[in-house]
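The values are calculated or read from the model by the stated rules, or taken from the named source; none is laboratory data. Predicted model, so just to flag it, every value in this text is computed and none were measured. With ideal geometry, Cβ positions are generated from the backbone for all residues, glycine too; neighbour counts draw on all protein chains shown. For accessibility, only protein heavy atoms count, side chains too; no ligands or nucleic acids. Shrake-Rupley method; radii C 1.70, N 1.55, O 1.52, S 1.80 Å.
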Amino acid sequence: MVIRLVVLGLFCFFSAATTFADDCIDCHKKLNPSIVSDWQLSRHGKNGIDCGSCHGTLHKSATDSAQAQIPPPDTCNRCHPKRVAQFKKGKHALAWAAMNAMPIAHMQPMALIQGKKGCGGCHKIGLKSAQEIKELEKGGFRFGVASCDACHTRHTFSAAEARQPQACRICHEGLEYSQWDTYINSKHGTRYLLKQLKTLPAAYSAPTCQTCHMPGGDHEIRNAWGSTFLRMPMPDDKEWAGDRATILQAFGILDPDFKPTPMLEGTKALDIVRMSQEAWQKERDRMVKTCTQCHSGTFAKGELAKGDRMVRDTDRLMAEGIRTVAALYRDGILKQAEGYPYPFPNVLTFNEARTPIELKLSSMFFESRLYAIQGTFHNSPAYAYTKGWSLMRGELTEINALAAELRRGYRQKKQ
């Protein structure tokens, strides 16, 4: 008797769900036919994961569309707990918080941030609190809280699409996100494009972004250096340690006396800087393991070590530029930004810097420096040198010339 009741209950539940899904399909086929066709093509559609499974069942007519829930990652967690758990441990989960922590975020047009047409279009992948989601909904920005759909486009949520390097390109291209540029102009990227064109057979080895940074589909997505190529503790090389300390001062992490500032805790929370040798080594070991699927261990370690040396060499140039600009603050030639307590340039102002020399410094850090490093790690010679190291040297020359000009003007004013 109990079994009969359970079976009857399940039959009624699935019948009701089917009816509800049919109602959704009938309506949305007329209004948004591509949503329906995408869902029907998806594994969700083929396995009976209907509209209500993700959007709830409160929305039943054209007059109550606001009742349709926009699913956050916890909705995906019901069926994909392993991947969601990995995602929550990784750097992508911190993307929304990192964007809002930038000193220039509040200065941008709303469409670019909450409207997700600029910075927010990529950083939306980060986790948001219930309060943040509520505020976004209040401002009319309720879409884009799912995170997972940043790579698995709704409503197909295709794993095959998310495995293509082009899925990463949307966010990882240009300026401080130079990964696509340097990958696609490398031997790895070229071979993969040739595979996509079927010029090379499918069995040829040609790593994608996911091959190296998501081995086995791991959604944590980390690397040894992190996106800023800064880390703790300081190296044994005293010159390099001094250069890195200068860069951390320009980040606001160290004060003029090289002591940690309150921003250090925020940096730890956002995982912007690798804070221990163990954290760095863990990711380096994982990368070497991935590289040795195609290369010898000696070759892999040697190539990665070249990248480490490029970090050191670009830190040398970067620190010289920062010290040149910092001296202008110290001598009263440049004024500190209002509300910024340290007599140093703040490289986190990006292209919102107040003067040409500060703008050049920020560009040097987030563009040419990263092209040099990413180009080296991704084996893209043109980017490592032409758009990276060579451009960085030229920008440092410009910074020194601008500083000399500012000093001349300051002396003439004083006379």
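Classify segment 130-186 from the C-alpha gyration tensor, please: rounded if a/c falls under 1.5, else prolate or oblate depending on whether a/b exceeds b/c. Here segment 130-186 falls in the oblate category. Which entry in [x] 67, 58, 43; [y] 96, 52, 39; [z] 74, 48, 41 matches Cα extents along the principal axes in Å derived from the coordinates of this structure? Correct label, based on the coordinates given: [y]. In terms of distances greater than 31 angstrom between alpha carbons, the cross-link table entries Lys259/Lys282; Lys195/Lys268; Lys30/Lys138 yield Lys195/Lys268.
Sorted from longest to shortest, the spans of the Cα atoms of segment 320-415 along the three principal axes equal 52, 27, 18 Å.
Axis of helix 297-330 versus longest Cα principal axis of the chain: the two differ by about 60°, to the nearest ten degrees. The simple Förster model, with R0 at 56 Å and r as the Cβ-Cβ distance, assigns Phe143 and Gln415 a FRET efficiency of 0.40.
To test your reading of the geometry: what angle, between 0 and 90 degrees and rounded to tens, separates the Cα axis of helix 238-250 from the longest principal axis of the chain? Once rounded, one gets 60 degrees. Local charge for Phe143 was computed over the other residues whose Cβ lies under 13 Å away, with Lys and Arg +1 and Asp and Glu -1, and equals +4.
Using a probe of 1.4 angstrom, how much of the accessible area of segment 326-401 is carbon and sulfur, in percent? About 54 percent, which is the carbon plus sulfur part of the accessible surface.
Sparsely packed loop sites in segment 240-327 (the trypsin sites (Lys or Arg not before Pro) outside DSSP H, G, I, E and B with at most 12 other Cβ atoms within 10 Å) do not occur. In the chain, the longest principal axis of the Cα atoms and the axis of helix 277-291 are about 70 degrees apart. Cross-link partners for Lys89 among the aspartates and glutamates, with Cα-Cα distance under 15 Å and sequence neighbours closer than 8 places in the same chain left out: Asp74, Asp218, Glu220, Asp271, Glu283.
Between Glu303 and Gln40, the distance separating the two model label sites (each 7 Å from Cα on the Cα→Cβ line) works out to 4.5 nm. Between the exposed loop cleavage positions of the chain, defined as chymotrypsin sites (Phe, Trp or Tyr not before Pro) in a non-H, G, I, E, B DSSP state with at most 16 neighbouring beta-carbon atoms within 10 angstrom, the longest gap is 259-415. Geometric descriptor of segment 278-354, per residue, is 136 Å³ (volume of the convex hull of the Cα atoms).
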